[in-house]
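> Sharing a structure here in structure tokens format.
Values quoted throughout were computed directly from the atomic coordinates according to the rules given, and no laboratory measurement underlies them. Quick caveat, the model's predicted, so the values are computed rather than measured. Heads up, the Cβs are rebuilt from the backbone with ideal geometry, glycines too, and the neighbour counts pull from every protein chain shown.
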Amino acid sequence: MTLGFIRPKTVGELLEVLAEYKDGSKIVAGATDLLVQQRNSKQVEGKPLYLVDITGIPELAYINVESGVVRIGAATTHRDIARSTVIQDVAPFLADACLTVGSPQIRARGTIGGNIINASPAADSLPPLAALSAQVRLVSKRGSRDIAICDFFKGPYKTVIEPGELLQEVFFKVPKNPGNCSFLKIGRREAVAISRLSVAVLLDVDESGKITEAAIAPGSCLPMPARIVRAEETLTGKVPDEETVEAAANEVGEEMVRVSGVRWSTPYKKPVICALTRRAIWKALGVDVD
Amino acid sequence: MKQVDRCKMKLISFTVNGTDVKVEISASDRLIDVLRDKLRLTGTKEGCGIGECGACTVIMNGVPVNSCLVPAFQAEGSVIETVEGLEQSGKLHPLQEAFVDHAAIQCGFCTPGMLMSALALLRENPHPTREEIARAISGNLCRCTGYHQIIEAIEDASMRMDPTE
Ligand SMILES: Cc1cc2nc3c(=O)[nH]c(=O)nc-3n(C[C@H](O)[C@H](O)[C@H](O)COP(=O)(O)OP(=O)(O)OC[C@H]3O[C@@H](n4cnc5c(N)ncnc54)[C@H](O)[C@@H]3O)c2cc1C
Ligand code: FES
Ligand code: FES
């Protein structure tokens, strides 16, 4: 049930409101998750809430790079991230991921902050953010704290954010080789949820062609965003050949089964995520394969 | 610090198709409710109500959005364009003419939303490729036409609107 709405104009005003109402308030950004969830649930259950709109706060929508750190304000839309020349330069796979979200209309309203807080296993911004070792900054009237993106989630649709806290921004270091990254996703939004598998890959390759660092983060196949360390280790220190890439890709499938067990969907999902990862690794290396 | 308003109902103002309007809204109203029920602009359609079909597409501050997913309070101070704003002094907009000429309308339920997505595209990109058109209308479902005629109509409209190229 909604008691009413509040539209602060500054972060200062917003934090006052959040401190006053805490779990009696609900932040609204693009509303693309919130209104769908409200419609699907019976509305009557739950505590009466004030909706606190953050779309009227210009200081929460920004993309900037300073001293090698990229900062994206929580209220920045997928549309603005996908179109940002800064993001296209420093983390093109994040721009690609945001461009696959929903539809033009959804991207125009949906924000990266909402995507992170909603914490869906299928949230498209999360694999690239995990691969970038991004951190989120939470602020409240009492102060602020930074948390690594992979430590921010407790499970599907669950995060460690506390009542009264705002996700202010997500930030990450500019990668050494922004060109060696890729995001691949299969399945369109019309398709059933099972086919929304995705994967983000970020590599660092030296002049001899050796992979010196690897980050691999799949989407929709684990309960929450995570890096696949075994896959990354398989690549690190190697000059990639077909066998190595295949072995690394297979580790992603193995990890999915280790974490989630064998399910009815496993015979489909496992080979698909392996094949997708293989393609994504090659794509990050600048090689198009099918 | 001055207290921020807590509103149950509020009189908000915004612009619809070039006209300033003032309407009383509640926290649970969506933009589509305000347009259809309060302003009687029933050209904008509600299909799914959950952002999947695009029938409710309007242009908000220059960008196409699903009006079924915009809380009405977010429309305060905004500039909204709906399908009713396309026709000018009794003359159909070139996009509307092209839709008619190409039989891009069957049942017509998707048409208002398609037109608004197409209009936003052509303003930004007066001569889009077919692929760009398909991408621009990817959030608008049509169960009748199979999209072919719609894409042709938009392509043709781009020529009618800016024949220089
Ligand atoms: C048709 C459709 C298709 C979609 N397709 C995709 C897709 O392909 N990929 C994908 O990843 N997602 C998809 N989504 C989901 C959704 O659009 C995204 O998750 C979007 O990024 C959510 O952002 P929002 O601003 O709309 O969030 P809101 O709905 O406004 O908020 C979501 C949650 O986050 C909280 N919140 C928002 N901002 C903050 C903040 N700054 N601090 C604290 N809490 C906050 C809200 O309280 C709420 O709990 C789709 C949704 C629809 C309706
Ligand atoms: S009614 Fe809004 S998208 Fe379907
Ligand atoms: S004409 Fe019927 S849905 Fe498009």
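> Which ordering of A:Ser208, B:Ser13, B:Ser117 is given by a fewest-first count of other beta-carbon atoms within 10 Å? Walk me through the numbers on the way to the answer.
Numbers: A:Ser208 7, B:Ser13 12, B:Ser117 25.
With the fewest neighbours first, A:Ser208, B:Ser13, B:Ser117 line up as A:Ser208, B:Ser13, B:Ser117.
> Which residue fluctuates the most in chain B, going by a Gaussian network model with Cα springs under 10 Å, if the choices are B:Cys144, B:Cys68, B:Cys56?
Among B:Cys144, B:Cys68, B:Cys56, the largest mean-square fluctuation in the Gaussian network model of chain B belongs to B:Cys144.
> Related question: Taking Cα pairs under 8 Å and at least six residues apart, what relative contact order does chain A come out at, in percent?
Values: 611 pairs, mean separation 43.5, N = 290.
With pairs under 8 Å counted, the relative contact order is 15 percent.
> Moving to a separate point now. Exceeding 30 Å between C-alpha atoms, which entries from my cross-link table qualify? They are A:Lys185/A:Lys210; A:Lys47/A:Lys158; A:Lys185/B:Lys38. Don't skip to the end; give the middle numbers.
On the way: A:Lys185/A:Lys210 26 Å; A:Lys47/A:Lys158 18 Å; A:Lys185/B:Lys38 41 Å.
Pairs exceeding the cut-off: A:Lys185/B:Lys38.
> Note down the magnitude of the dipole of the protein assembly as shown about its Cα centre, charges +1 on Lys and Arg C-beta and -1 on Asp and Glu C-beta and zero elsewhere, to the nearest 20 debye.
Details: 51 positive and 56 negative charges, 305 e Å.
For this selection, approximately 1460 debye.
> Could you work out how far helix A:242-260 tilts from the main Cα principal axis of chain A, as a 0 to 90 degree angle to the nearest 10?
Once rounded, the angle reads 40 degrees.
> Given the options A:Gln88, A:Gln38, A:Gln168, state which has the largest fluctuation in a GNM of chain A using a 10 Å cut-off (strictly under) for Cα springs.
A:Gln38
> Oh, and also: Using modelled amide H (1.01 Å from N, peptide plane; none on Pro or chain starts), what sits under 5 Å from the amide H of B:Leu141, excluding residues fewer than 5 places away?
B:Gly54, B:Ala55
> Please give the FRET efficiency for B:Arg143 paired with B:Val100, using the beta carbon to beta carbon distance and R0 = 22 Å, rounded to the nearest 0.05. Don't skip to the answer; put the middle values down first.
Working: r = 19 Å, r/R0 = 0.87.
For B:Arg143 and B:Val100, the calculated efficiency is 0.70.
> Can you work out ³J(HN,Hα) from phi for every residue in the range B:44-51, in order, using Karplus 6.51 cos²θ - 1.76 cosθ + 1.60 and θ = phi - 60°, giving whole Hz and x for Gly and Pro?
Here the 3J(HN,Hα) series is 6, 9, 10, x, 8, x, 10, x Hz.
> Here's a follow-up. Short version: ³J(HN,Hα) in whole Hz for each residue of the range A:152-165, in order, from phi by Karplus 6.51 cos²θ - 1.76 cosθ + 1.60 (θ = phi - 60°), x for Gly and Pro, what are they?
7, 9, 9, x, x, 6, 10, 10, 8, 4, 9, x, x, 9
> Using the number of other C-beta atoms within 10 angstrom as an exposure proxy, rank A:Ile147, B:Ile32 with the fewest first. Walk me through the intermediate numbers first.
Numbers: A:Ile147 16, B:Ile32 23.
Listed from fewest to most nearby Cβ atoms, that is A:Ile147, B:Ile32.
> Separate question: How high is the relative contact order of the range A:58-173? Use alpha-carbon pairs under 8 Å, at least six apart in sequence, and give a whole percent.
It comes to 27 percent, rounded to a whole number.
> Another question, then. Based on the Cβ-Cβ distance from A:Glu254 to A:Val174, what FRET efficiency comes out when R0 is 30 Å, to the nearest 0.05?
Details: r = 32 Å, r/R0 = 1.06.
The value I calculate is 0.40.
> Multiply the residue gap between A:Val86 and A:Lys47 by 0.36 nm, knock off their C-alpha separation, and tell me the result in nm, one decimal place. Walk me through the numbers on the way to the answer.
Values: separation 39, 0.36 × 39 = 14.04 nm, distance 4.14 nm.
Length gained between A:Val86 and A:Lys47: 9.9 nm.
> Next up: Step through the residues of the range B:66-78 one at a time and calculate ³J(HN,Hα) from phi using the Karplus curve (6.51 cos²θ - 1.76 cosθ + 1.60, θ = phi - 60°), rounding each to whole Hz and writing x for Gly and Pro.
Taking θ as phi minus 60°, the curve returns 7, 6, 6, 10, 9, x, 4, 5, 6, 7, 3, x, 8 Hz for the range B:66-78.
> Here's a follow-up. Taking R0 as 60 Å, what FRET efficiency do you get between A:Ala247 and B:Asp5 from their Cβ-Cβ distance, rounded to the nearest 0.05? The partial results should precede the final answer.
Details: r = 60 Å, r/R0 = 1.00.
Here the calculated transfer efficiency is 0.50.
> Quote the Stokes-Einstein diffusion coefficient, in whole µm² s⁻¹, for chain A, based on the Kirkwood radius over alpha carbon pairs, a temperature of 25 °C and a viscosity of 0.890 mPa s. Write down the numbers at each step before the final one.
Values: Rh = 19.7 Å.
Using the Kirkwood radius from Cα pairs, D works out to 125 µm²/s.
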